[in-house]
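Everything below concerns the one structure shown next.
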There are 4 protein chains.
Amino acid sequence: MRKICVVITARASYSRIKTVLTAIQDHPRLLLQLVVTGSALVERFGNIIPYLEAEKLPVSAVIPNLLDVENTTASAKTTGLAVIELATFFANLRPDVVVTVADRFETIATAIAAVNMNIPLAHVQGGEITGNIDDRIRNSISQLADLHFVSTENARSRLIRMGLSPQKIHHTGCPSIDLVHRHRDFNFNPYETYGGVGSQPDLNAPYLVILQHPVTTETGHSKWQIDSTLRAITALKMPSIWFWPNADPGTAGTAQGIRAFREQHPDLPFHFFKNMESHHFIQLLKGCVCFVGNSSVGIRECSALGIPAVNIGTRQRGRERGPNVIDCLPDTDSILSAVRHQLAHGHYPGTRLYGNGNAGERIAEQLATIPFIIKKHLFPA
Amino acid sequence: MRKICVVITARASYSRIKTVLTAIQDHPRLLLQLVVTGSALVERFGNIIPYLEAEKLPVSAVIPNLLDVENTTASAKTTGLAVIELATFFANLRPDVVVTVADRFETIATAIAAVNMNIPLAHVQGGEITGNIDDRIRNSISQLADLHFVSTENARSRLIRMGLSPQKIHHTGCPSIDLVHRHRDFNFNPYETYGGVGSQPDLNAPYLVILQHPVTTETGHSKWQIDSTLRAITALKMPSIWFWPNADPGTAGTAQGIRAFREQHPDLPFHFFKNMESHHFIQLLKGCVCFVGNSSVGIRECSALGIPAVNIGTRQRGRERGPNVIDCLPDTDSILSAVRHQLAHGHYPGTRLYGNGNAGERIAEQLATIPFIIKKHLFPA
Amino acid sequence: MRKICVVITARASYSRIKTVLTAIQDHPRLLLQLVVTGSALVERFGNIIPYLEAEKLPVSAVIPNLLDVENTTASAKTTGLAVIELATFFANLRPDVVVTVADRFETIATAIAAVNMNIPLAHVQGGEITGNIDDRIRNSISQLADLHFVSTENARSRLIRMGLSPQKIHHTGCPSIDLVHRHRDFNFNPYETYGGVGSQPDLNAPYLVILQHPVTTETGHSKWQIDSTLRAITALKMPSIWFWPNADPGTAGTAQGIRAFREQHPDLPFHFFKNMESHHFIQLLKGCVCFVGNSSVGIRECSALGIPAVNIGTRQRGRERGPNVIDCLPDTDSILSAVRHQLAHGHYPGTRLYGNGNAGERIAEQLATIPFIIKKHLFPA
Amino acid sequence: MRKICVVITARASYSRIKTVLTAIQDHPRLLLQLVVTGSALVERFGNIIPYLEAEKLPVSAVIPNLLDVENTTASAKTTGLAVIELATFFANLRPDVVVTVADRFETIATAIAAVNMNIPLAHVQGGEITGNIDDRIRNSISQLADLHFVSTENARSRLIRMGLSPQKIHHTGCPSIDLVHRHRDFNFNPYETYGGVGSQPDLNAPYLVILQHPVTTETGHSKWQIDSTLRAITALKMPSIWFWPNADPGTAGTAQGIRAFREQHPDLPFHFFKNMESHHFIQLLKGCVCFVGNSSVGIRECSALGIPAVNIGTRQRGRERGPNVIDCLPDTDSILSAVRHQLAHGHYPGTRLYGNGNAGERIAEQLATIPFIIKKHLFPA
């Protein structure tokens, strides 16, 4: 049995890797070692432990380490703490491979601990491009990884151009799209299941889904950026389902913007959720008339579903996208005009840009079969 | 005044960056903030504090953080600790730029703390190639850095192929070569000045200089690898000046090999030093008939001086080299035959492969004049 | 000049030690090294940096280290982080004495770092008793300290009974009382100066001041405990000035209780402040008809001022108190009846139980003159 | 099943607690959670993992965290790291009780993590007195602990005088004495079993056992102190079995003293061991004519066995002792004269001062049956 240690640091990463976890768990020759840390353990950013329990995914270790201070020093220290404690858990769990996901700051901690300890490192979602600091982190992790599971052919080419060995790069598609291909029809009441605050608009009428994070290189701007979106959506007077931002630097500004707006406009048909299981989120997404925000959801999941998406600002700059996406600046007029255009257009045909829906199984199969050549074995002992 | 924070984590990095430190210190528009950490504070790996004091280079902070356990977990934890505490010191020192050097594991800690905190990061010696885990670290740091000071044109091309912006890459030459170009004739007695152990061979006769580190991806092999070298040099019966290995994983094996050999062969004309100031080291190097080992010194400094060098094993695989270098496997016969070939050949003409001797000044001047465009200022506040 | 390093970890500790800081700063033979860390750097728990700037107290180092997760693991990890980084700053600042205040968890980090490093440790407010986990911490720190500045004769006796050397225990009075003795009449508008939320009751009419923290050994109970108080004060319909709780475990429950109550009862004459400079807080306190809560303010400051105080629950159990304090259980009826009794009674005469108002100067003078016998000098070198 | 988490930070602590571990492991209602950290994981200070495996004691977690730098900053940082990671492991292991042993610096880390997390803390060997910094640590831990297992009646009285509740203090005897009462006759060859360096004196002739640690408050003096002992024993020309010192600050001086002495006097009948399983150590001790050094072994184990002991310097000052102990200053003449006196006297009758040999079982039984009243349950939820 190969021991595969997957480290999850945030709600978003869990959604992206979920089908990989299940496929590892179901694979006869793999043993899943799941380590949960960072904002993935904090209630207000979406504690994923209950979801893991619901999926019967066993947790090998929890490592609470998120610093409170909303500034960039705190973010660096959370990363440092993660390196320290992941090293200890790797020394105890002795995994054959460590898997890290995407491009959040804490994911580089996973990479550093594994590489330092000569444990083969697999990276999911390398080679992509977005418009912010995440690109640097993602590429930096790609340089550290021994094994790459990429979402698109473009991503594969980009890694090869960066000097990485083509044999180590596997184009498996993006596991976050797997869930989209398995979605079912709307079969739950989100207000009852997830609570949240605000009005409870009728979801049989046309509604929007909105998810806007702070931009890590523009932390001082998060409040006015969310304000622009809030004003634009207010002008539309449409039922809207909003999600709270992730824990990135700048999140306090985004959260404050939302809270202040809610106090001033208690009567708008807006509902706010903290978190939602991915399969429910996909159902909700599938039912909406337009997605708005700067999450990769607009580009990744929505391209598979053909949902019209309005992508705001720089956060996804450069990410490969289907015809369903319109980009706009983070000002009220631009957002308003882009959403109106998408509403007029309606649904798009879905694309296979980010995969066929079987990335989870393909990644698990590769993890079970790839020979790991560890350099330290090159010479005879 | 721009505040330039340089973080030094090891004796070797200090030698490489020394002329940059002096040039920053002497620059009218730069303020040097020198932070010393890792093995650079530990006596047995070469505490650099006395050298800094001798050079009148003021130290802004010392951060002792090297873990003792000689295993890879310890190395990861030292890196994590460094991220945590560097973040705190950056928050207190508020540098305009952070400078990190080369490719040791701890140097990625500097990069992570700076990038996390949106402080512009300059990287010296990016784009080079060696044959071990250092390549991954170096490239990973390059992906994180905002500004690159490279040693060779090849290094520059390699960074551009990796997707980095050409405007941010400055070919300044390698600062470790600056010292070589400033070397003076032999004007000190190394035994009196640095103590050390072993015989005190006459340095007017032909002698070798030997510096062999453990290879971080072959940590279990460090003892037999140094044994091969010790046996080869013994067969030559030549006066030899040896230096202790650095603090990388595997160092205990290398050190143990040297100690056991010394007990068995107390009468050989070998002398062992822990450390030496760079300008003295250059003098010693200039006087030798051949350099042996796996340090970059053989390739970098020796190419400028035209010193014959025998480069053992994989540690420098891929690094650009002049005609003065012969590579060999880490076995006694290969080493012996390579050294004999070099002794027969004698000196080579020096090359300018790694620069003209003014890299320190050029880097300082760039740091003083380059406009820093921080992404977070892209949008108006 | 003796270097005196004072470590402040929370808003409350700053208020307690403020006159000591000023006295050290003003002393011709002392150099103040002020280190600020923990919740004292976090906006929502009362960042003290602006107050230090206003007082012209120079900060030698800030160490942001508060973990976010509201659970006891986070509290332990914050303490561990503090030990690590305080050790580094002590190694850089090289203080002659380290001063730690009172009994918060993070203050033991200061003690451990100093004692580990053989730096003389002075402890302010040892030997007191309260009703919770703080007693253990306080006594544990007393056992580590080299020098004790106590508030009362009872505290001194208690330390001697614990086996500590009488010569090392100095009865100086409590520095937090110094401010009380220096208070001026009400000369500021708290709503304008400090903002806050809620109604703005007329402070010329009789008003209450309320400060209730979570109890660290009853963390699961913090919400219903604050609810009891909120209901009791609501029944009184009196103007009330509330302060947000500190960062102790359980604080989320207290904060949530206050927030939910405010939403349901937006019209009550309640105002909520996050923080207030100590001298302003004393003015506000002096003007109130009764203090309610579980802060030591009710016992310490109010005893000097003769302000009637209602002390709720176990948090101050055992602390020496004057006749101005009535204890009650944390249920609405008990609180209501206790407050009504105090309102009927009116002001009490002030006492000198906690000192004469010159504790700051006395402590500074001792720090300047006490000979430090460090054990390591017992033997000749 | 109650989960009992025992944290071991050093070889010495393992010897002290071994019979408690076995008794917990054998108890039908207790589950042992063994956490190993600090110098107990480092080869040169005596890695205990092989001994645990030999005893079939399962290890729940290893936490390598010992910093290398031989100075007091490193010691503080190791303590801080231990707090951080123990908190995480406690959060994962969810023990019902945490057990900490004696008085080393790292043991306070165990106490702080447990108390911070509201986990009941049991302390073994509280209330004793020695002559150095350990007293402060031991008393500080006693103040934090919920439950005390003490070695002697005097220790119990001392804790009660310190204000601790008599009901929580259990006089069980010292578990390190249990092994003494179970010792068997000499049945192994120490040179074959443990290697070591130096001559191999005949152990059928009279021999000494010597164990001298650095004194943590006299770190600068460790070299001359061991030199005094080395010279005294040399003058006696007796076969001697020496053990290397523990990892306390100052250990480099002690080790350096031993190494230099060995080089100068290669022919003396001295043998040096790094480490030895406790049951073997007891056999070796039982066979010797005199114990010399500053370890508690001379006072504790030797009193039960009636072995003459020479106790050097301040390290054990104040510890209760039987008639078998002679104290002396750390100078050659004093040591020489004390050892000669003991050799002339010969064996003493054994005492029961430190227990009857069943402390392990008694502690396990208490851990299984004592009701844990956690303060946080005082109020109804």
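Coordinate-derived values only; no laboratory data. Not measured: the values here are computed from a predicted model. Note: ideal-geometry Cβ built from the backbone for every residue, glycine included; neighbour counts use all protein chains shown.
To the nearest 0.05, what FRET efficiency results for B:Arg2 and D:Glu43 with a Förster distance of 51 Å applied to their C-beta separation?
Working: r = 47 Å, r/R0 = 0.92.
Result of the calculation: an efficiency of 0.65.
Gain in length, A:Arg352 to A:Asp96, computed as 0.36 nm per residue apart minus the alpha-carbon separation, to one decimal in nm? Provide the component values of the computation, followed by the final result.
Numbers: separation 256, 0.36 × 256 = 92.16 nm, distance 3.20 nm.
So the extension gain works out to 89.0 nm.
Can you list the distances in nanometres, one decimal and ascending, from the C:Ala54 label point to the identical position in each other copy, with the point 7 Å along Cα to Cβ?
Spacings between copies for this position, smallest first, are 4.7, 5.3, 6.6 nm.
Treating the point 7 Å from Cα along Cα-beta-carbon as the label, what are the nm separations from C:Leu329 to the other copies, to one decimal?
Sorted ascending, the copy-to-copy spacings read 6.5, 6.6, 8.5 nm.
Let me know the charge dipole size of the protein assembly as shown about its Cα centre in debye, to the nearest 20, where only the beta-carbon of Lys, Arg (+1) and Asp, Glu (-1) is charged.
Result for the protein assembly as shown is approximately 0 debye, rounded to the nearest 20.
Obtain the radius of gyration and the Kirkwood radius of segment B:116-201 from its C-alpha atoms and give Rg over Rh.
1.18
Using a 10 angstrom cutoff on alpha carbons, build the Gaussian network for chain C and name the most mobile of C:Ser303, C:Ser140, C:Ser39.
C:Ser140
For segment D:77-148, with only Lys/Arg (+1) and Asp/Glu (-1) charged at the beta-carbon, what is the dipole magnitude about the Cα centre, in debye rounded to 20? Please report the intermediate quantities before stating the final value.
Values: 5 positive and 8 negative charges, 32 e Å.
Around 160 debye, computed over segment D:77-148.
Between A:Lys168 and A:Asp267, what is the label-to-label distance in nm when each label sits 7 Å out along the Cα-to-Cβ direction?
6.1 nm
Please report how far the C-alpha centroid of segment A:119-152 lies from that of segment C:234-271, rounded to the nearest whole angstrom.
47 Å
What average number of partner chain Cβ atoms lie no more than 10 Å from the Cβ of the residues making up D:91-97?
Mean inter-chain Cβ contacts per residue within 10 Å come to 3.
Find the Rg to Rh ratio for chain B, where Rh is the Kirkwood radius over alpha-carbon pairs and Rg uses the same atoms.
So for chain B, dividing Rg by the Kirkwood Rh gives 0.96.
I'm a student and want to see the number: the projected area of the Cα convex hull of the protein assembly as shown, averaged over all directions, in nm².
About 54.2 nm², averaged over all directions.
Only helical DSSP H runs with n ≥ 4 go in: add -39500 (n - 2.57) per run for chain C, normalise by residue count and round the 222 nm mean residue ellipticity to 500 deg cm²/dmol.
Values: 14 runs with 158 residues, N = 381.
The per-residue figure over chain C is -12500 deg cm²/dmol.
So for B:Ile108, A:Ile4, fewest C-beta neighbours within 10 Å to most, what's the order?
Final ranking by Cβ density, sparse to dense: A:Ile4, B:Ile108.
Calculate the spin-label point distance for B:Asn189 paired with D:Thr193, positioning each point 7 Å from the Cα along the beta-carbon direction, and give it in nanometres.
Result for the modelled spin labels: 5.2 nm.
How much length is gained if the chain between D:Asp26 and D:Thr369 is pulled fully straight, taking 0.36 nm per residue apart and subtracting their Cα-Cα distance, in nm to one decimal?
Numbers: separation 343, 0.36 × 343 = 123.48 nm, distance 1.50 nm.
Result for the pair: 122.0 nm of gain on full extension.
Taking Cα atoms, how many degrees apart are the long axis of helix D:105-116 and the longest axis of chain D, rounded to 10 and kept between 0 and 90?
Around 0 degrees separate the two axes.
With Cβ to Cβ distances under 10 Å as the rule, what net charge do the other residues near C:Ala113 carry (K, R +1; D, E -1)? Kindly include the intermediate steps, with their values, before the conclusion.
Working: positive: D:Lys77; negative: C:Glu85.
Within the 10 Å Cβ shell, the charges total 0.
GNM on chain D, C-alpha springs below 10 Å: top fluctuator among D:Val99, D:Val124, D:Val62?
D:Val62
Grab the beta carbon distance between A:Gln200 and A:Glu53, set R0 = 30 Å, and tell me the FRET efficiency rounded to 0.05.
So the FRET efficiency works out to roughly 0.65.
Return the distance in nm (one decimal) between the two label points of a simple spin-label model at B:Asp333 and B:Arg231, each offset 7 Å from Cα along Cα→Cβ.
My value for the distance between the label points is 1.1 nm.
Longest exposed-loop-site-free stretch of chain C, with chymotrypsin sites (Phe, Trp or Tyr not before Pro), DSSP loop and at most 16 other Cβ within 10 Å?
Working: sites that count: C:Phe186, C:Phe188, C:Phe372.
For chymotrypsin sites (Phe, Trp or Tyr not before Pro) (loop position, at most 16 other Cβ atoms within 10 Å), the longest site-free span of chain C is C:1-185.
May I ask you to derive the relative contact order of chain B, considering only C-alpha pairs under 8 Å and at least 6 residues apart, and to give it as an integer percent?
18 percent
Residues in segment C:323-356, backbone N under 18 Å from the label point at C:Arg182 (7 Å along the Cα-to-beta-carbon vector): list them, ranges by number please.
C:354-356
With charges set only on the Cβ (+1 for Lys and Arg, -1 for Asp and Glu), what does the dipole of segment A:190-345 come to about its Cα centre, in debye to the nearest 20?
Value, rounded to 20: 160 debye.
Of A:Ser13, A:Pro206, A:Thr219, which is farthest towards the positive pole of chain A's charge dipole, taken about the Cα centre with +1 and -1 on the beta-carbons of Lys, Arg and Asp, Glu respectively?
A:Ser13
Quick one: C:Arg94, D:Arg319, fewest Cβ neighbours within 10 Å first, how do they rank?
C:Arg94, D:Arg319
Compute a Gaussian network model of chain C, connecting alpha carbons closer than 10 Å, and tell me which residue from C:Gly293, C:Gly346, C:Gly357 fluctuates the most.
The residue with the greatest mean-square fluctuation here is C:Gly346.
Average partner chain C-beta neighbours within 10 Å, per residue of C:30-42?
Whole-number average of other-chain Cβ neighbours for C:30-42 is 1.
So what's the net charge close to B:Leu57: Lys and Arg +1, Asp and Glu -1, counting the other residues with Cβ under 13 Å from its Cβ?
So the surrounding residues net to -2.
Once the label point is placed 7 Å from Cα along Cβ, list for D:Asp202 the distances to the corresponding points in the other copies, in nm, shortest first.
Taking the point 7 Å beyond Cα along Cα→Cβ, the inter-copy spacings are 5.1, 10.6, 10.6 nm.
I'd like the FRET efficiency for C:His341 and A:Asn154, computed as 1/(1 + (r/R0)^6) with the beta carbon distance as r and R0 of 56 Å, rounded to 0.05.
After rounding, the FRET efficiency stands at 0.15.
Evaluate segment A:190-345: find the radius of gyration of its Cα atoms, find its Kirkwood radius, and give the ratio Rg to Rh.
Ratio value, two decimals: 0.92.
Taking the Cα centre of each part, how many Å lie between segment D:293-318 and segment C:3-26?
Distance between centres, Cα-based: 44 Å.
Output the 0 to 90 degree angle, nearest 10, between the alpha-carbon long axis of helix A:278-287 and the longest principal axis computed from the alpha carbons of chain A.
Helix A:278-287 sits roughly 40 degrees off the main axis of chain A.
Which three numbers, in whole Å and largest first, are the semi-axes of the equivalent ellipsoid of segment A:57-122 derived from its Cα gyration tensor as √(5λ)?
The equivalent ellipsoid of segment A:57-122 has semi-axes of 21, 13, 11 Å.
Quick check: the angle from helix D:332-345's long axis to the longest principal axis of chain D, C-alpha only, nearest 10 degrees?
90 degrees
Measuring from the axis that superposes chain A on chain D, report the chain A residue with the minimal C-beta distance, rounded to whole Å.
Result for the A and D rotation: A:Glu85, 3.
Find which of C:Val310, C:His279, C:Pro266 sits farthest along the positive direction of the dipole of segment C:253-381, computed with +1 on the beta-carbon of Lys and Arg, -1 on that of Asp and Glu, about the Cα centre.
Farthest along the dipole direction, towards plus: C:His279.
What average number of partner chain Cβ atoms lie no more than 10 Å from the Cβ of the residues making up C:137-143?
Other-chain Cβ atoms within 10 Å of each residue's Cβ, averaged: 6.
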